[in-house]
Protein chains: 2
Amino acid sequence: MTGQHGTPILAVDIGGTKILTALFSADGKMLAKDVCPTLADEGVKPVIERLCSAINDILKQNNLKASQLGGIGIACAGGIDSGRGVVVTPSPNMAGWADIPLADIIRERFKVSAFIINDASAAALGEHRSGAGMGVNNLVLFTLGTGIGGGIIANGELYLGAVGAAAEIGHMTIDDDGPECGCGNTGCLEMLASGRAVERDAVKRLNQGGKSSLSEMAGGKAENITAEMVGEAAQNGDTLALDILNRAAYYLGIGMVNIVNIFSPEMIVLGGGMAELGDLFIGPGKKMVVERAFPVSSRAVRIVTAQLGNEAGVYGAAAFARDRSKRRTA
Amino acid sequence: MTGQHGTPILAVDIGGTKILTALFSADGKMLAKDVCPTLADEGVKPVIERLCSAINDILKQNNLKASQLGGIGIACAGGIDSGRGVVVTPSPNMAGWADIPLADIIRERFKVSAFIINDASAAALGEHRSGAGMGVNNLVLFTLGTGIGGGIIANGELYLGAVGAAAEIGHMTIDDDGPECGCGNTGCLEMLASGRAVERDAVKRLNQGGKSSLSEMAGGKAENITAEMVGEAAQNGDTLALDILNRAAYYLGIGMVNIVNIFSPEMIVLGGGMAELGDLFIGPGKKMVVERAFPVSSRAVRIVTAQLGNEAGVYGAAAFARDRSKRRTA
């Protein structure tokens, strides 16, 4: 494989529920992939052991040794210091991941250079190199899932800010009087437009006696409602579900207007489960960008959905490891 | 002068009240400067004539011909398309400046390459090359004046976005239920934390019967109150003025937290008249960044005041013209 494709890169995306591993050729083509559960609840050490097993497995399946790799790229949720290779602050789904020197751990275990990048920044880099944003100089990716993350490409390059934690666009205040967020801030976009916000609103509305097909979908237990259910009910014309989704879509629109005014990117890429609802969720925001953002900037931006799905993170982690390895050997 | 300092650059900053002209050496040192009134109310053509006279004057004063220049850099308020060299949308103080191909006009008049850049982006570039942000890779400048503008340096380079209109940080919604802004958006930072917002609040509070030394300062006419007066009264301990300023400072804090979470810059540079109030206006926001922003990012950012005062724009315009001329001849 090495001879055929140049030095391969191994990439990992550690999510709250799944660890995705993949091998990439030197020119960024995916050669193989595999997936295993994260089981994040078991704590940091068992997850790291599972991560190492997953790396060994995909190497073995492809007749490779770690020493044949050009590097290992790791996409991970949370506050990442890419320079030091440390998970500094945990994401909500990865309790205990505070000050974990993950790049060093992997480097020592496999004797190969390892690099770590925030998962949403990785997704932005992945979409830029291999997905919706190829050839685009300036783009902002929104990951619209349970939470809201982001990634930035500026002047054709990944933008990570001071240490690697830039693009927490889910945590910009858009309603200073809004609900307190777990991050310590108030009225964050994530509190108002994420899957979790939609679920919270649905539970509240049903508990207040709202009539909706959601009650039946959730087996009569409001707390079982998921954002997917709200999306499905809305697609079927359920008034209450449509109402909840429209409210979240309005806040997403405000977030997009802010990003267009601040970044004036050529492209906004919308990824994550909520983006799959399409114009039902994204449409109002597109309209708001035209109506509210600076005309110079709103005329220049295209708002599109992501192309790489849940593989964007490994594509980006591989590109990141490739870029950083080159920089070191240059 | 040409022999001694290499090819000089001429820079202009067209503001709502003043046109600042300056000559710079090839290595970015200011050699001479001059100032004349804009008289923006007279309309676009007279202002362009005054701009051309100002350019001729500073050339003559320094025994230079336009043909000896390496380029002319023009900082201008409004929505700028730097690629086409056009003022696309006017700033509130420059009525009529819509779709003005200013770079072409200056290029044709003086037969020398000309480049145009938004004034706040120019100020950011100026502070980065010659002021508070020297050696800093990622910084965001806030211009805190009558309005609020911004400029971005990302990965060591000026960031202008798709066409040149990025960094309208004064027009991010921080209160979706807030007052409508002239820009078409709602609850913009500029509507809540600018000099104009402070003035509007002061007039409202006095008209509601509030007691304050501001009444006397404004000669009994609330509508004469300026943000400077509110700052002065607050510095002298006037309770109502302090209250107004604290409210604006709180909103500025929200804006800074958003920028820290979105950009995670090494530095925030605060310029403009309101920044001169120092910690009275900036202090609360610094504290909010520590309390509310992501720790990885808040630990990495320094919040400082600008160093180049109202010359930041010409410093930046000169650097911009120098960079773009090099790119063309490269």
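Here are a few things to note about the model shown:
- Single condition A:Phe142 does not satisfy, out of (1) under 14 Å from the mean Cα position of the chain (by Cα); (2) aromatic (Phe, Trp, Tyr); (3) not assigned by TED's automatic domain parsing to the domain that holds A:Leu245: (3)
- Residue count, the range A:251-276 (criterion: outside any loop (DSSP other than H, G, I, E, B) and either among the β-branched types (Val, Ile, Thr) or within 14 Å of chain B (Cβ to nearest Cβ) (or both)): 16
- Residue list for the range A:91-101, filter: within 14 Å of chain B (Cβ to nearest Cβ) and on the phi > 0 side of the Ramachandran plot: A:Asp99
- Residue list for the range B:68-92, restricted to those being without any contact (Cβ under 8 Å) to a residue 60 or more places away in the chain and more than 17 Å from B:Arg324 (Cα to Cα): B:Gly78, B:Val87, B:Thr89, B:Pro90
- Candidates are the residues of the range A:237-256 that are hydrophobic (A, V, I, L, M, F, W, C) and farther than 16 Å from A:Thr143 by Cα; the one that is farthest from the chain's Cα centre (by Cα) is A:Leu240.
- So B:Ala167, is it aliphatic (A, V, I, L, M), modelled with pLDDT of 95 or more and over 18 Å from B:Asp238 (Cα atoms): yes
- Positions within the range B:291-319 being in contact with a Lys or Arg (Cβ under 9 Å, 6 or more places away or on another chain), surrounded by fewer than 23 Cβ atoms within 10 Å (Cβ to Cβ) and of a type in the set (Val, Ile, Thr), in sequence order: B:Ile303
- Note on the range B:277-329: among residues that are of a type in the set (Ser, Thr, Tyr) and more than 18 Å from the chain's Cα centre (by Cα), the one that is farthest from the other protein chains (Cβ to nearest Cβ) is B:Thr329.
Residue by residue, here is whether (1) modelled with pLDDT of 95 or more; (2) within 14 Å of another protein chain (Cβ to nearest Cβ) holds:
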residue: B:Gly178; (1), (2): yes, yes
residue: B:Thr186; (1), (2): yes, yes
residue: B:Met191; (1), (2): yes, yes
residue: B:Ser212; (1), (2): yes, no
residue: B:Asn224; (1), (2): no, no
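- First in the range B:156-167 and more than 7 Å from chain A (Cβ to nearest Cβ), second anywhere and part of a loop (DSSP other than H, G, I, E, B) and surrounded by fewer than 24 Cβ atoms within 10 Å (Cβ to Cβ), Cβ under 7 Å, 6 or more apart: B:Gly156/B:Asn137; B:Leu160/B:Ser82; B:Gly164/B:Ser82; B:Gly164/B:Gly83
- Candidate set: the range A:40-90, residues that are within 14 Å of chain B (Cβ to nearest Cβ) and part of a loop (DSSP other than H, G, I, E, B); chosen: the one surrounded by the fewest Cβ atoms within 10 Å (Cβ to Cβ): A:Gly83
- Cβ-Cβ under 7 Å pairs, at least 6 apart or on other chains, the range A:96-112 side among the charged types (D, E, K, R), far side surrounded by fewer than 17 Cβ atoms within 10 Å (Cβ to Cβ): A:Arg109/A:Cys52; A:Lys111/A:Ala66; A:Lys111/A:Ser67
- Unmet requirement for B:Gly237, which otherwise passes all of (1) part of a loop (DSSP other than H, G, I, E, B); (2) touching a Gly at 6+ places or on another chain (Cβ under 9 Å): (2)
- Just one residue in the set A:Gly231, A:Gly195 is touching a Phe, Trp or Tyr at 6+ places or on another chain (Cβ under 8 Å) and either at pLDDT below 95 or away from chain B (no Cβ under 14 Å) (or both); that residue is A:Gly231.
- The set of residues from the range B:122-151 being surrounded by fewer than 24 Cβ atoms within 10 Å (Cβ to Cβ) and under 22 Å from B:Ser91 (Cα atoms) comprises B:Gly145, B:Thr146.
- Flag if B:Asp99 is surrounded by fewer than 24 Cβ atoms within 10 Å (Cβ to Cβ), of a type in the set (Asp, Glu) and outside the structural domain of B:Ala167 (by TED's automatic domain parsing): yes
- Out of A:Ala40, A:Ala77, A:Ala114, A:Ala26, sole residue that is under 12 Å from A:Leu10 (Cβ atoms) and not assigned by TED's automatic domain parsing to the domain that holds A:Ala166: A:Ala114
- Residue identified as crowded, with 20+ Cβ neighbours inside 10 Å and free of Cβ contacts under 8 Å to residues at least 24 places away in the same chain among B:Ala241, B:Ala249, B:Ala233, B:Ala227: B:Ala233
- When B:Gly135 is tested against (1) more than 10 Å from chain A (Cβ to nearest Cβ); (2) touching a strand residue (DSSP E or B) at 6+ places or on another chain (Cβ under 6 Å), exactly one condition is not met: (2).
The values are calculated or read from the model by the stated rules, or taken from the named source; none is laboratory data. Keep in mind it's a predicted model, so treat the numbers as computed, not measured. Every residue, glycine as well, gets a Cβ built from its backbone with ideal geometry; the counts of neighbours run over all protein chains shown.
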